[in-house]
Amino acid sequence: MKKNMGRTDQLLRLLAAANIAVLLVAGMVKGTAAVVLAILAAVFVITTFVGFCPAYVPFGISTKGKGGKS
């Protein structure tokens, strides 16, 4: 499993997950939408720390860059 996510991509995913967490904790989202958003936030966090997004593979997307530093 080769990493395909750059630092900016990872940062944006963490920020999105944090925003979703705030919405959930504040009770602004409830029911099915809350469950779906919680799962999405968990996926964002997991893919951020692993550095690999399986949804990018079929499309050949990589936000990592060619320098190898990302």
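The values are calculated or read from the model by the stated rules, or taken from the named source; none is laboratory data. Just so it is clear, the model here is predicted, and its values are computed rather than measured. Heads up: the accessible areas ignore ligands, DNA and RNA and are worked out on the full protein's heavy atoms, side chains in. Shrake-Rupley method; radii C 1.70, N 1.55, O 1.52, S 1.80 Å.
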*asked:* Once neighbouring chains are kept in place and the probe is 1.4 Å, which whole percent of the accessible area of the chain is contributed by carbon and sulfur?
replied: 71 percent
*Run through all the Cα pairs of the chain and give the fraction in each 10 Å bin from 0, expressed as whole percent.*
21, 44, 25, 10, 1
*Per residue solvent-accessible surface (Å²) - the chain, probe of 1.4 Å*: 71 Å²
_Estimated vicinal HN-Hα couplings, Hz - the range 2-17 in sequence order (Karplus 6.51, -1.76, 1.60; Gly, Pro = x)_ = 8, 5, 9, 10, x, 4, 5, 4, 5, 4, 4, 5, 5, 5, 5, 5
*Residue by residue through the range 28-40, which ³J(HN,Hα) values in whole Hz follow from phi under the Karplus form 6.51 cos²θ - 1.76 cosθ + 1.60 (θ = phi - 60°), with glycine and proline marked x?*
7, 10, 9, x, 4, 4, 5, 5, 4, 5, 5, 5, 4
